[in-house]
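Visitor: Here it is, the structure in full.
The values are calculated or read from the model by the stated rules, or taken from the named source; none is laboratory data. This one's a predicted model, so the numbers in the text were calculated from it and none came from an experiment. Here the Cβ is made from the backbone with ideal geometry for all residues, glycine too, and neighbour counts use every protein chain on show. Surface areas here come from the heavy atoms of the whole protein model, side chains and all, with no ligands, DNA or RNA. Shrake-Rupley method; radii C 1.70, N 1.55, O 1.52, S 1.80 Å.
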Amino acid sequence: MKTQNNTGAIIALAAAIREQANTLILRFLSERGITDILPAHGAVLHALFKQNPMQMSELAEHIGRKKNTVTGLITTLEDRGYCRRESDPQDARAQLIFLTEKGEAMRQVQDEVSVELLQKIWTGIDTQKQKMCIQCLETILYNLTHN
């Protein structure tokens, strides 16, 4: 994809970056013998690594996805043994999502994969340009989500 100096191609470029990152994540996971996790599951696991358990609605808010999308992700992770659901004793309408032992074991894997991915992403880009890139992307996201 040739997008050099084509500011109109920002969405196509972002999509291509996401696709390539997801391909690398799947490869890095496969190299570790993990073939039943998708990149979309990473955000759920990461949130639960920070706070375990978490209500489904909190989880959706934390990862910036709709509750029905998160429900599907949780169902898949639960079916594959990475998490489990329980009724919230303080709110009968809510469910708590807990990591299982298998889910907790993904913490180190996610850390390793993140390091490898970030090394690949930032190769040949100095710290100042990295910070500028992040600032620009944050502004773009803000512009798309506000006003």
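Visitor: Starting from the residue with the highest accessible area, list 98, 28 in decreasing order, probe 1.4 Å. Don't jump to the answer; show the numbers that get you there.
Guide: Details: 98 40, 28 10 Å².
Final ranking, largest accessible area leading: 98, 28.
Visitor: Where only protein heavy atoms count, and the probe is 1.4 Å, what is the accessible area per residue for the chain in Å²?
Guide: Numbers: 10260 Å² over 147 residues.
Here the per-residue accessible area is 70 Å².
Visitor: Now, a different point. With the Cα gyration tensor of the range 2-80 giving a ≥ b ≥ c as the square roots of its eigenvalues, does the rule (a/c under 1.5 for rounded; else a/b larger than b/c for prolate; else oblate) give rounded, prolate or oblate? If you can, show how the numbers build up before the last one.
Guide: Values: a/c = 2.78, a/b = 1.53, b/c = 1.82.
Verdict is oblate for the range 2-80.
Visitor: So which of 102/129; 67/102; 50/129 end up more than 31 Å apart by C-alpha? Let's see the in-between values first.
Guide: Details: 102/129 38 Å; 67/102 24 Å; 50/129 29 Å.
Those over the limit are 102/129.
Visitor: By how many nm would the segment from residue 16 to residue 112 grow when fully extended, if each residue of separation counts as 0.36 nm and the alpha-carbon distance is taken off?
Guide: Between residue 16 and residue 112, full extension yields an extra 32.3 nm.
Visitor: Just the accessible area for residue 13, please: 1.4 Å probe, Å², rounded to the nearest 10?
Guide: 70
Visitor: Indicate the helices, whole DSSP H runs only, in the chain that combine a mean Kyte-Doolittle hydropathy of -1.0 or more with a Cα extent along their long axis of 30 angstrom or more.
Guide: Working: long enough: 10-31 (31 Å, 0.93).
Span-like helices in the chain: 10-31.
Visitor: How long are the semi-axes of the equivalent ellipsoid of the range 33-139, defined as square roots of 5 times the Cα gyration tensor eigenvalues? Whole Å, largest first. Before the final figure, lay out the partial values.
Guide: Numbers: eigenvalues 177, 60, 24 Å².
After scaling each eigenvalue by five and taking roots: 30, 17, 11 Å.
Visitor: Within the range 58-147, what whole-number % of the accessible surface is contributed by carbon and sulfur, with the 1.4 Å probe and all protein chains included in the calculation? Write out the running numbers ahead of the final one.
Guide: Working: 3440 of 6630 Å².
The C+S portion of the solvent-accessible surface of the range 58-147 is 52 percent.
Visitor: Relative contact order of the chain, please, whole-number percent, based on alpha carbon pairs below 8 angstrom and at least 6 residues apart. Walk me through the intermediate numbers first.
Guide: On the way: 109 pairs, mean separation 29.0, N = 147.
Relative contact order comes out at 20 percent.
Visitor: Using a basic spin-label model with each label point 7 Å from the Cα along Cα→Cβ, how many nm lie between residue 51 and residue 23?
Guide: So the two model labels end up 3.6 nm from each other.
Visitor: Here is a further query. When a/c is below 1.5 the answer is rounded, else prolate if a/b is larger than b/c, else oblate, so apply that to the range 73-128 with a ≥ b ≥ c taken from the square roots of the Cα gyration tensor eigenvalues.
Guide: Numbers: a/c = 3.85, a/b = 2.51, b/c = 1.53.
Prolate.
Visitor: Using 0.36 nm times the number of residues separating residue 75 and residue 119, minus their current alpha carbon distance, what extension gain do you get?
Guide: 12.7 nm
Visitor: Assuming R0 = 22 Å, can you tell me the calculated FRET efficiency for the pair residue 9 and residue 129, based on Cβ-Cβ distance, to the nearest 0.05?
Guide: On the way: r = 19 Å, r/R0 = 0.87.
The calculated FRET efficiency here is 0.70.
Visitor: Using only protein heavy atoms and a 1.4 Å probe, report how much of residue 106 is accessible, in Å² to the nearest 10.
Guide: About 10 Å², rounded to the nearest 10.
Visitor: Is the shape of the range 56-98 rounded, prolate or oblate, going by the alpha carbon gyration tensor and its root eigenvalues a ≥ b ≥ c, with a/c under 1.5 for rounded and a/b larger than b/c for prolate?
Guide: Numbers: a/c = 2.11, a/b = 1.09, b/c = 1.93.
Since a/c reaches 1.5 but b/c is at least a/b, the shape of the range 56-98 is classed as oblate.
Visitor: Given the options 93, 80, 107, which has the most mean-square fluctuation in a GNM of the chain, springs set between C-alpha atoms less than 10 angstrom apart?
Guide: Ranking 93, 80, 107 by mean-square fluctuation puts 93 first.
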